[in-house]
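Read-outs throughout are calculated quantities, based only on the coordinates presented, and are distinct from any laboratory measurement. The structure displayed is predicted, hence computed values, not measured ones. Glycine gets a Cβ as well: all are built from the backbone with ideal geometry, and neighbour counts include every protein chain shown.
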Protein chains: 2
Amino acid sequence: MNHGSSISVVTTISLILSFLPLFNLAQDYGAVARKKWLDQARVNKPVLHERLIKPVRLGILKKDTNAFQGWKVETSVAVDSLYQRGFKSQSGVIVDFGEHFTGYVSFSLAAWGRTPDAPLRLKFTFGEVPSELAVPFEPYSGSLSRAWLQDEIVTVSEVPSTLTIPRRLAFRYVKVELLSPSIGYDFKLTDLQIKATTSATENVASLLPNTSPLVKEIDRVGLRTLRECMQTVYEDGPKRDRRLWIGDLYLEALANDLSFKNHNLTKRCLYLLAALSNKEGYLHGTVFERPEPHPQEGQLLFDYALLYNVALRNYYKNTNDRETALDLWPVAKRQLELVKSYLMHSGLIDYDRAAKEIWIFIDWKDGLHKDVAIQGLAIYALKQTYELAKSLGKEHELAEVPEMIRKMSAAAKQHLFDKKTKLFLSGVDKQISYASQIWMILGGVVSKQEGAKIVNTLIAHKEALKPGGPYLYHYLLQAMIDCGMKDEAKETMLNYWGAMVEKGADTFWEVYDPADEYRSPYNFYPINSYCHAWSCTPVYFIRKYPEIFQD
Amino acid sequence: MNHGSSISVVTTISLILSFLPLFNLAQDYGAVARKKWLDQARVNKPVLHERLIKPVRLGILKKDTNAFQGWKVETSVAVDSLYQRGFKSQSGVIVDFGEHFTGYVSFSLAAWGRTPDAPLRLKFTFGEVPSELAVPFEPYSGSLSRAWLQDEIVTVSEVPSTLTIPRRLAFRYVKVELLSPSIGYDFKLTDLQIKATTSATENVASLLPNTSPLVKEIDRVGLRTLRECMQTVYEDGPKRDRRLWIGDLYLEALANDLSFKNHNLTKRCLYLLAALSNKEGYLHGTVFERPEPHPQEGQLLFDYALLYNVALRNYYKNTNDRETALDLWPVAKRQLELVKSYLMHSGLIDYDRAAKEIWIFIDWKDGLHKDVAIQGLAIYALKQTYELAKSLGKEHELAEVPEMIRKMSAAAKQHLFDKKTKLFLSGVDKQISYASQIWMILGGVVSKQEGAKIVNTLIAHKEALKPGGPYLYHYLLQAMIDCGMKDEAKETMLNYWGAMVEKGADTFWEVYDPADEYRSPYNFYPINSYCHAWSCTPVYFIRKYPEIFQD
């Protein structure tokens, strides 16, 4: 996700400052620890694994109303066929690397007959999915920088030459076009390759032998998605936005714990986020590694700040790295102040005020009312943080939290649950959404049995606002599993992620709406990321719950 | 000039092979000497002088029907104004480097407020003249590679960055556009510079103090043109074609002899051309330095091959470098075989056959009949080569040449001169052209007095085919001077080169037709070269004939 344009700043929150020794209250909440945290982030920066990858074959781009977004790439001849002929007659060729890679592309040109006596102008268009090769990028109507689109025009002054395109690219397919009509000579493309990078290792345990082919495929695509997003941080997407977001970090770490087990990457990301918290000690939703580590200034996210605590607890559970957990405990504790600062006497979060002051994400879904979801998510985060505190012997620092949880849960049930529809309703227009039910279940506001009833009611309710993308589908699956709805969870995965696989996904997408393949939160679907971290979690579910997903 | 598409090959010439010890007759005419010649070219390769140049001001591009090609750049504020504001509002800015430079452009970007969270896409358009910044390059109708046009799109992945555009560029003006609408952030362009290169030194003797301002300006622009074209060879143009042509070499060397005096560059070029002659010993009209020295295969030019001899004689006269002249003498001698091979019993060159087999350039002028001009040029070259032979004590090797000159001159007067019009007429339709008269005069077919009459008749003849560009204007000036027509020569220079200066030329152009500023031999005037070696010779005339041009 990318929310570059609307920046909400927590400036008016009246904070109840706690007495944490690591924070300098007067100036900068994290000043004392910040340098140490940044050092920890630095020393845990992974060395990227590099592999030189050659394309496997050529492809033929075809319009096909049955294909994802109306385009497919059909398998054609081996790539040698490209190299063994003059390029002029092949302009527009589609080169297929066989799977998704992230890294640096280089290519070589050689004379074909006479040495060209003029420069050449080549255009490379890189696609994670076929439509990116087919849809013109101009006129551009998107709301994010057009420069994310992966087309590069290169002037080659002389032949032979080997050139590297300076920007990092993420793709499976490349379209190569000759933009300069070459007069009296031809040339050859003799090599095209990518130096592919990832911080994921390759030794992932196999699934159980009887696992269904579709689950195996979902897992393979999920692993590939995760692997591509694992660079020197957990990126959200290697094409776009190429940065660390708390929400993606948490889901990537869940999947990593059961696959690549690169726990140091999780550690680095937790430290980096901590080091770049604002002067009040609150975490930014997203941070950048370059040119120097820095946050997206002002971009605080309520739900993401709280999910950091869940991610930290998860890290500790999986690694038993008590030192890191203790180091970062003050950060987790500090995020709870966000809940307190918006908590009303009623036990409900003051959503109207919060929504004005801080970004509440929950899901990419137009028109979604998030008051119920944030209430549930806050309760969930409070519980997780309290569990973390207990495991660190710090529960005395959260003495008020159990009562907060009780009061917020009771308020949710009393004020947000509708006895008639038997669902949680949000907003003044009593909206029925998956998001609301999911987070009330995950927050444990309802019992397992109540949760299962709610999910069944929800499924039957055709007008309910469905999840907008893979990110919330993750929490839907988790909610179903928490309610014991194993079959529904499996069916949901097979229907949702399975559909992406069946539509040819090599990696899972940032946005996938089964009812609208062209949906884009950025008003231009080619700018969507088609390899997006937050959609990788089948890797986690399949391994965490083999009894559900592995036959 | 660039004649990339129509390659004439001398394949059918029946050669009278002479007995030159340096040539291996069976296989390769120059095999024995070729390696030595290439070594000589290599050791004389100049080290380029590099200077870091910053732009001086911004410009405003304005449509103006009185300006050259309808566009001018008006002087605006100092360049600091660009660097001290965010770039977003300045997209499309014109940056003026004050004069023409050739080299490698780099630029730096920095944050302006928040660090950008997305890549940037910038387009740079480089112009030798204002119209290149104004005329859209697409749709492209030119007959040469579109890649010569100097526009580059650069994706900048992160800020701050300093980037260098890989291709070498030649320009005075740069237009910089932001192609990606940047969302929620701005940035600064903090530096733009060129590492300018030339093999010309700067210590050129001043003109006489009383020289008129216009002559001084013509000289300044001519020197700048020459300086820009002097790189590791005499290039024809630093924007296009960036290669050594014999015709340009000769004119550049003339100007260099009286200005920068970089005689080693002339030596290198003479050796390079010799080393890359074809197996029959004939010179290619143009050769390339990279990737390895190689000729434009098959591109033999009748007139250029002969002008090599004139250039060699000129080099020897100016340097007294007898070793080089003797080394390359066999090459010069060999070129005369071209004349012999086309010479008919009548003493005329068999133009119809020659024109089918070999490129005869003379001038860029549509419809020009070149039979008379090539006859005159051949006589001129024979005389020059004979003078060279005499100075080397080799006239015995050219025993037949004086009789050839006599016979060819007589034939020209008898068959080509029209007593009625008192002009040389060419082609079956009796064409009257400057080219024909010029080369008959330079060839000495007519006396000084006859020549002056011819020129006067020609000037009075409004339908006469005028020179197509600076290249033939050079020979026109020389012909006038040879006929003692000093005033006419001066007037021609002031009218022709002076007009370019008055139209704002920073360097002299490849093509300039006072009657049609949009003329292009390549069907797209922005692809013309606007800094072109063959137009630099006012530098030579002004210094060679101070009594004519310096008051």
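The figures follow:
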item	result
Distance (nanometres) between label positions extended 7 Å along Cα→Cβ at A:GLN449 and A:LYS195	6.3 nm
Considering only the protein assembly as shown, percent of DSSP beta bridges that pair antiparallel, nearest 5	95 percent
Expected 222 nm ellipticity per residue - DSSP helices of 4 or more, -39500 (n - 2.57), all of chain B, to 500	-11500 deg cm²/dmol
Distance (nanometres) between label positions extended 7 Å along Cα→Cβ at A:HIS415 and B:VAL32	10.6 nm
Peptide A:162-174 - average C-beta neighbours from other chains (10 Å radius)	1
Distant-in-sequence amide H partners of A:TRP112 (H built 1.01 Å from N, under 5 Å)	A:ASP186, A:PHE187, A:LYS188
Pairwise Lys count, the range A:49-198 - Cα closer than 12 Å, eight or more residues apart or different chains	5
Rounded tilt (10° steps) of B:322-342 against the dominant C-alpha axis of chain B	70 degrees
Relative compactness, the protein assembly as shown, computed as alpha-carbon Rg over 2.2 N^0.38 Å	1.21
Which of A:MET480, B:MET404, A:MET440 has the fewest Cβ neighbours within 10 Å, and the rest in rising order	B:MET404, A:MET480, A:MET440
Per-residue ³J(HN,Hα) for the range B:518-533, Karplus 6.51 cos²θ - 1.76 cosθ + 1.60, θ = phi - 60°, Hz, x for Gly and Pro	9, 5, 8, x, 10, 6, 6, 5, x, 8, 4, 8, 10, 9, 10, 3
Copy-to-copy label separations for A:LYS123, where each label sits 7 Å from Cα toward Cβ, in nm and ascending	1.1
In nm, spacing of pseudo-spin labels at A:VAL47 and B:LEU208 (7 Å Cα→C-beta vector)	7.5 nm
The range A:55-106: C-alpha gyration tensor shape, a/c 1.5 cut-off, then a/b vs b/c	oblate
10 Å Cβ neighbours from other chains, averaged over peptide A:133-146	3
Unit charges on C-beta of K, R, D, E only; dipole of chain A, Debye	440 debye
Axis-proximal residue, chain A, for the rotation superposing A on B (Cβ, Å)	A:ILE153, 2
Rounded tilt (10° steps) of A:302-319 against the dominant C-alpha axis of chain A	80 degrees
Helix B:31-43 axis, angle to chain B major axis (alpha carbon atoms, nearest 10°)	40 degrees
Taking B:ASP186, A:ASP80 and counting other C-beta atoms within 10 Å, the order from fewest to most	A:ASP80, B:ASP186
Position B:PRO546, label points 7 Å along Cα→Cβ, spacing to each other copy in nm (shortest first, one decimal)	9.9
Position A:LYS413, label points 7 Å along Cα→Cβ, spacing to each other copy in nm (shortest first, one decimal)	12.5
Cleavage-rule hits, GluC sites (Glu not before Pro), the range A:126-213, DSSP coil, Cβ neighbours within 10 Å at most 12	A:GLU202
Per-selection Kirkwood Rh - the range B:49-198 (Cα, Å, 1 d.p.)	16.0 Å
Packing-based order for A:216-222, A:544-550, A:319-325, using average beta carbon neighbours within 10 Å, highest first	A:216-222, A:544-550, A:319-325
Mean-position separation - Cα centroids, the range B:219-243 and the range A:339-376, in angstrom	68 Å
Cβ neighbours within 10 Å from other chains - mean over A:148-154	4
Fewest-first ranking of A:ARG224, B:ARG167, using other Cβ atoms within 10 Å as the exposure measure	B:ARG167, A:ARG224
Centroid-to-centroid separation of the range B:133-171 and the range B:389-439 [C-alpha atoms, Å]	47 Å
